[in-house]
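The values are calculated or read from the model by the stated rules, or taken from the named source; none is laboratory data. Since this is a predicted model, take the numbers as computed values, not measurements. When we count neighbours, we look across all protein chains shown, and the Cβ atoms used for this are built from the backbone with ideal geometry, even at glycine. Side chains are part of the model used for accessible areas, which takes the heavy atoms of the whole protein and leaves out ligands, DNA and RNA. Shrake-Rupley method; radii C 1.70, N 1.55, O 1.52, S 1.80 Å.
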Amino acid sequence: METVTANGFIMRNILESKIRNIPRAPGVYIMRDKEGEVIYVGKARDLKSRMRAYFGGTDSRFMIPFLVSRIHDLEFIITETEKEALILENNLIKEHRPRYNVNFRDD
């Protein structure tokens with residue numbers, strides 16, 4: 001599935017390139033929709049592994065295919081530790097109030 005932007009870039013190729021270049025490090029990922037709105041914030045012990053689970057179809061949560069189909073951009077923030085990633089994730093969820101982060105949004 002390819003989405004072509006107004007200026008001719010193929011968004012899926014850009015996402016694939018970002019995913020290929022993610023390091024095996026702890027951190028936070030921010031998923032944005034086509035309007036640039038943050039739709040999901042997550043943390044991972046290994047960002048590369050987590051993205052493979054999302055985009056490789058190995059994440060069995062029922063919402064994942066629905067969420068992945070709405071992603072138009074990804075942003076990654078590398079952290080030193082998992083604990084730092086957890087704190088950053090919580091702060092970003094409170095700041096952006098992403099639609100699909102229902103667990104932390106109101107805490």
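What pairs come out if I take residues in the range 42-58 that are under 9 Å from Pro26 (Cα atoms) and pair them with residues that are open to solvent by 80 Å² or more (accessible area, probe 1.4 Å) and of a type in the set (Asp, Glu) whose C-beta lies under 7 Å away, six or more apart or interchain?
As it stands, the answer is Arg45/Glu82, since those pairs meet every condition given.
Note down all Cβ pairs under 6 Å where the first residue falls in the range 76-93 and is within 10 Å of Lys43 (Cβ to Cβ), the second is open to solvent by 50 Å² or more (accessible area, probe 1.4 Å) and in a loop (DSSP other than H, G, I, E, B), and they're at least six residues apart or on different chains.
Filtered contacts from the range 76-93: Glu82/Arg45.
Return a yes/no flag: does the range 28-43 have any residue that is part of a helix (DSSP H, G or I) and open to solvent by less than 80 Å² (accessible area, probe 1.4 Å).
Checked the range 28-43: no residue is part of a helix (DSSP H, G or I) and open to solvent by less than 80 Å² (accessible area, probe 1.4 Å).
Could you please give the count of residues in the range 45-85 that are in contact with a Pro (Cβ under 7 Å, 6 or more places away or on another chain), of a type outside the set (D, E, K, R) and not in a helix (DSSP H, G or I)?
Qualifying residue count for the region: 3.
Kindly establish whether Leu88 is of a type in the set (A, V, I, L, M, F, W, C), modelled with pLDDT of 90 or more, within 11 Å of Val28 (Cα to Cα) and in a strand (DSSP E or B).
no
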